[in-house]
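**Q** One structure, pasted below without further comment.
The values are calculated or read from the model by the stated rules, or taken from the named source; none is laboratory data. Since this is a predicted model, take the numbers as computed values, not measurements. Here Cβ is always computed from backbone atoms with ideal geometry, including for glycine, and neighbour counts include all displayed protein chains. Quick note on the areas: whole protein, heavy atoms, side chains included, nothing else; ligands and nucleic acids left out. Shrake-Rupley method; radii C 1.70, N 1.55, O 1.52, S 1.80 Å.
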Amino acid sequence: MTAPRTLFDKIWDRHVVHDREDGQSLLWIDRHFVHEGSHHAFAKLRERGARVSRPELTIGIADHYVPTRTRDLGRADPQIADMVRRLERNTADQGVRLFGLNDPRQGIVHVMGPEQGFTLPGLTMVCGDSHTSTHGAFGTIAFGIGASEVAHVLMTQTLWQRRPKRMRVRFDGRLAPGITAKDMALAFIATVGADGARGHAIEYAGEAVRGLSMEGRLTLCNLSIESGGRCGMVAPDETAFAFVKGRPYAPAGEAFDRAVEAWAALPSDAEAAFDREVVIDAAAIAPTVTWGVSPEDALPIDGTVPDPARIADASRAAHAREAIDYMGLRPGQRLTDVAVDRVFIGSCTNARIEDLRAAAAVLKGRRAAVPGLVSPGSMIVKAQAEQEGLDRIFTEAGLEWVASGCSMCVGMNGDIAAPGERCASTTNRNFKGRQGPGARTHLMSPAMVAAAAVAGRLADVREILGETA
Amino acid sequence: MQPFVELTAPACPLPLSNVDTDQLIPARFMSRPRAEGYGDFLLHDLRREAGGALDPDFPLNAHPGAKILVARRNFGCGSSREAAVYALADFGFACVIAPSFGDIFASNAVNNGVLPATVEEAEAETLLAAVGAGAELTVDLAAQEIRGAGPALRFTVDPVWRTKLLNGWDDVDLTLSHAEAIAAFATADAAARPWAQLRAERGGGSA
Ligand code: SF4
């Protein structure tokens with residue numbers, strides 16, 4: 001009898017090439033995504049005169065810098081066009097497949113990966129992007145790495161890692177109507193803090209997690225890094241298998257059936273021990289928004305901006321003061337009194353079809369009081385949304401419907417908010433300047449962003465929908 | 001990589017928590033080649049006033065020549081951008097002392113010879129006060145000690161990272177010495193997990 005193991009350990013153990021006495025393991029990497037930002041790593045290969053060791057396991061995608069208002073690089077900012085072209089050159093030189101700017105399957109790496117079936121249960125996946133944790137939704141070990149590590153994986157298809165601790169986050173009970181995976185994630189981060197899961201691999205479990213669609217699980221795992229977690233995972237089940245089946249790069253036919261057999265053995269054993277367990281009452285989660293400059297600065301929408309004078313811990317009080325100052329808020333201000341200047345619906349956190357449907361359900365037949373941008377997570381999501389007529393709902397509401405890319409999640413492509421502007425956003429980071437120098441970001445679910453667009457201020461989507469019910 | 005053994009240098013206090021990588025280097029500067037130097041971009045937007053001039057009161061500007069940075073909890077949280085470390089290193093920092101670090105940032109730091117030294121929150125406050133008053137610090141990696149702010153303080157660092165920094169080792173060389181084990185793993189794995197394999201695409205796919 002082998003000792004009971006967690007989902008994480010089963011996958012980890014399967015990928016160890018070599019265990020070193022000092023606790024480091026050399027891990028085999030099954031899938032490696034590279035994007036425009038990986039240019040530093042390709043430069044390192046050139047310096048060494050090295051080749052990509054397993055180009056077939058490497059997947060190039062243009063997403064971080066791609067223009068969303070034109071697909072013609074000749075009309076894009078020359079610096080941005082250069083980044084996209086550099087990726088084209090680097091992948092072509094190294095024989096790496098590329099989903100480039102004008103590929104109909106192009107999208108944000110963490111949307112396109114699952115969509116194309118590159119993401120499967122039981123794998124190890126890395127990418128030079130911290131939200132690589134997204135792919136853990138399928139029950140796979142997926143995490144972000146830096147440029148030196150990207151170069152290492154390109155050259156060796158392996159990575160040195162120390163086995164992280166294991167944390168289980170159990171969402172007991174069922175979500176109330178209108179509550180989404182985004183609210184679950186923000187509530188969890190607010191509970192443990194932005195470094196609360198540092199050094200841990202998270203497994204999300206419990207009834208509310210089991211009940212999530214793959215889209216919801218992807219959102220939940222996406223935000224793992226915002227709690228400091230090394231990665232986030234959900235045990236693979238029928239929901240995951242059904243999503244994977246028939247995807248272009250997923251195993252097919254008999255190979256699929258055999259894969260499902262292997263995947264079915266992955267969930268944590270009943271007696272498996274976790275280093276830490278956090279239990280959250282799912283039924284108590286309300287629509288949640290951030291007020292500050294860290295994802296941990298999250299509160300239910302009926303809350304008020306904290307008063308630093310009432311925070312006992314000096315460094316936490318200082319953080320709150322800084323945040324309130326940057327965000328242009330007042331202690332004690334009701335969140336629903338905070339007026340917004342624009343909205344953004346997009347990013348690998350919340351730009352899948354289900355997210356767009358949720359936002360469109362709120363915006364249908366209504367006008368947005370403020371301008372905003374809707375950027376689907378992939379061109380396939382975009383086509384699907386257009387088939388369903390969602391694009392018309394957004395444009396008739398007064399929002400701009402553009403092509404897929406990271407866009408205002410990180411602003412590298414020039415889609416940014418102006419200094420001092422307040423943006424209700426479906427993204428993952430409310431860091432200072434993340435959406436442009438001086439821009440102020442409030443994170444929330446797609447339906448809540450749509451509600452903010454309609455109200456022109458932070459608003460409880462349940463009230464807006466209730467008005468017409 | 002330059003080994004890190006012991007460093008005695010002026011230090012800079014940064015009494016902020018959650019200094020994320022977007023603050024360490026805003027995304028708009030990351031398309032440049034490293035050879036151009038990233039030091040000017042370090043904390044670019046925090047260091048400047050609205051008009052773009054350097055804010056003389058911002059710690060980084062008030063402590064020229066600092067090689068050690070002392071900050072509050074969760075330093076380097078956020079994105080995986082190694083450019084955050086390039087900016088620190090090119091500015092002159094070889095060590096950051098804080099109560100906790102973002103995981104990816106810390107490993108990026110070590111891969112660039114920059115030491116992430118972890119201390120207790122109270123010790124970080126002591127160091128911030130001392131350094132703010134102009135104290136020079138000595139960071140001794142062999143002894144895992146920080147001296148120069150009252151009694152010597154012990155810091156923690158992953159033992160593997162410590163060895164790597166002390167010797168200035170590069171992972172790739174080390175890994176290539178395991179090339180046979182990697183090849184053997186790949187062969188066995190292809191047979192054991194056929195479903196996990198991907199085939200090459202002719203021409204590397206579409207553009
Ligand atoms: S959308 Fe944002 S978080 Fe996601 S991959 Fe792009 S930059 Fe990273």
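**Q** Does A:L45 fit the bill of being part of a loop (DSSP other than H, G, I, E, B) and aliphatic (A, V, I, L, M)?
**A** Against the criterion (part of a loop (DSSP other than H, G, I, E, B) and aliphatic (A, V, I, L, M)), A:L45 does not qualify.
**Q** Right, another one. Just to confirm my filter: which helices (runs of 4 or more DSSP H) fall fully inside the range A:304-412 and include at least 1 residues that are of a type in the set (F, W, Y) and either over 25 Å from A:A76 (Cα atoms) or open to solvent by 30 Å² or more (accessible area, probe 1.4 Å) (or both)?
**A** Because the criterion is at least 1 residues that are of a type in the set (F, W, Y) and either over 25 Å from A:A76 (Cα atoms) or open to solvent by 30 Å² or more (accessible area, probe 1.4 Å) (or both), the helices (runs of 4 or more DSSP H) in the range A:304-412 that meet it are A:314-327.
**Q** When both residues are 6+ apart or on different chains and their Cβ atoms are under 8 Å apart, which pairs have a first residue that lies in the range B:79-97 and is closer than 17 Å to A:K44 by Cα and among the aromatic types (F, W, Y), and a second that is open to solvent by 10 Å² or more (accessible area, probe 1.4 Å) and assigned to a loop (DSSP other than H, G, I, E, B)?
**A** From residues that are closer than 17 Å to A:K44 by Cα and among the aromatic types (F, W, Y), the pairs are B:Y86/B:N112.
**Q** B:A89 - would you say it is touching a helix residue (DSSP H, G or I) at 6+ places or on another chain (Cβ under 9 Å), among the hydrophobic types (A, V, I, L, M, F, W, C), open to solvent by 10 Å² or more (accessible area, probe 1.4 Å) and within 14 Å of chain A (Cβ to nearest Cβ)?
**A** For B:A89, the condition - touching a helix residue (DSSP H, G or I) at 6+ places or on another chain (Cβ under 9 Å), among the hydrophobic types (A, V, I, L, M, F, W, C), open to solvent by 10 Å² or more (accessible area, probe 1.4 Å) and within 14 Å of chain A (Cβ to nearest Cβ) - is met.
**Q** Shifting gears a bit: Determine, yes or no, whether A:V338 is within 16 Å of the ligand (Cβ to nearest atom), more than 14 Å from chain B (Cβ to nearest Cβ) and β-branched (V, I, T).
**A** In short, no.
**Q** Now for a separate question. Please specify each residue of the range B:196-207 satisfying the condition of being at the interface with chain A (Cβ under 7 Å from one of its Cβ atoms) and either under 15 Å from A:T58 (Cβ atoms) or modelled with pLDDT of 95 or more (or both).
**A** The answer is B:A196, B:L198, B:R199, B:A200, B:E201, B:G204, B:G205.
**Q** Could you tell me which numbered condition A:L175 fails, if it satisfies all but one of (1) open to solvent by less than 20 Å² (accessible area, probe 1.4 Å); (2) outside any strand (DSSP E or B)?
**A** Exception for A:L175: condition (1).
**Q** Assigned to a helix (DSSP H, G or I) and open to solvent by less than 60 Å² (accessible area, probe 1.4 Å): does that describe B:V131?
**A** Judged against the criteria, B:V131 is a match.
**Q** To continue, here is another question. Select, from A:G178, A:G173, A:G113, A:G139, the only residue that is within 16 Å of the ligand (Cβ to nearest atom), within 30 Å of A:I345 (Cα to Cα) and not assigned by TED's automatic domain parsing to the domain that holds A:V381.
**A** Exactly one of A:G178, A:G173, A:G113, A:G139 is within 16 Å of the ligand (Cβ to nearest atom), within 30 Å of A:I345 (Cα to Cα) and not assigned by TED's automatic domain parsing to the domain that holds A:V381, namely A:G113.
**Q** For residues that are free of Cβ contacts under 8 Å to residues at least 12 places away in the same chain and under 26 Å from B:T163 (Cα atoms), scanning just the range A:21-52, find the one that is nearest to the other protein chains (Cβ to nearest Cβ).
**A** A:D22
**Q** Within the range B:140-158, is even one residue within 13 Å of chain A (Cβ to nearest Cβ) and open to solvent by 50 Å² or more (accessible area, probe 1.4 Å)?
**A** yes
**Q** So which residues in the range B:157-206 are among the polar types (S, T, N, Q) and assigned to a helix (DSSP H, G or I)?
**A** B:T163, B:N167, B:T175, B:T187 - these are the residues of the range B:157-206 that are among the polar types (S, T, N, Q) and assigned to a helix (DSSP H, G or I).
**Q** Could you check the range A:116-136 and list, in sequence order, the residues that are within 23 Å of A:G95 (Cα to Cα), among the small types (G, A, S) and within 14 Å of the ligand (Cβ to nearest atom)?
**A** Matches in the range A:116-136: A:G128 only.
**Q** Please verify whether A:A81 is more than 15 Å from the ligand (Cβ to nearest atom), out of contact with any Gly (no Cβ under 8 Å at 6 or more places or on another chain), open to solvent by less than 40 Å² (accessible area, probe 1.4 Å) and small (G, A, S), treating the condition exactly as stated.
**A** For A:A81, the condition - more than 15 Å from the ligand (Cβ to nearest atom), out of contact with any Gly (no Cβ under 8 Å at 6 or more places or on another chain), open to solvent by less than 40 Å² (accessible area, probe 1.4 Å) and small (G, A, S) - is not met.
**Q** Is it the case that the range A:86-103 has a residue that's away from chain B (no Cβ under 11 Å) and open to solvent by less than 40 Å² (accessible area, probe 1.4 Å)?
**A** no
**Q** Here's a follow-up. Is it the case, given these coordinates, that A:D13 is open to solvent by 20 Å² or more (accessible area, probe 1.4 Å), assigned to a loop (DSSP other than H, G, I, E, B) and either within 8 Å of another protein chain (Cβ to nearest Cβ) or without any contact (Cβ under 8 Å) to a residue 12 or more places away in the chain (or both)?
**A** No.
**Q** If you take the residues of the range A:48-68 that are in contact with a helix residue (DSSP H, G or I) (Cβ under 9 Å, 6 or more places away or on another chain) and open to solvent by 20 Å² or more (accessible area, probe 1.4 Å), which of them is farthest from A:R31 (Cα to Cα)?
**A** My answer is A:R48.
**Q** Among the listed residues B:P64, B:P99, B:P56, identify the single one that is in contact with a Lys or Arg (Cβ under 7 Å, 6 or more places away or on another chain) and open to solvent by 10 Å² or more (accessible area, probe 1.4 Å).
**A** Only one candidate passes the filter, namely B:P99.
**Q** Another question about this same structure. Here is a check on your reading of the model: is A:G405 within 16 Å of the ligand (Cβ to nearest atom) and either of a type in the set (A, V, I, L, M, F, W, C) or within 20 Å of A:V370 (Cα to Cα) (or both)?
**A** no
**Q** Suppose we keep only residues that are of a type in the set (V, I, T), more than 11 Å from every other protein chain (Cβ to nearest Cβ) and assigned to a helix (DSSP H, G or I) within the range A:217-251. Which one would you say is surrounded by the most Cβ atoms within 10 Å (Cβ to Cβ)?
**A** Ranking the qualifying residues of the range A:217-251, first place goes to A:T219.
**Q** Also: If only one of A:G113, A:G144, A:G139 is facing another protein chain (nearest Cβ under 7 Å), among the small types (G, A, S), in contact (Cβ under 8 Å) with a residue 60 or more places away in the chain and in contact with a strand residue (DSSP E or B) (Cβ under 9 Å, 6 or more places away or on another chain), which one is it?
**A** Being facing another protein chain (nearest Cβ under 7 Å), among the small types (G, A, S), in contact (Cβ under 8 Å) with a residue 60 or more places away in the chain and in contact with a strand residue (DSSP E or B) (Cβ under 9 Å, 6 or more places away or on another chain) holds for just one of A:G113, A:G144, A:G139, which is A:G144.
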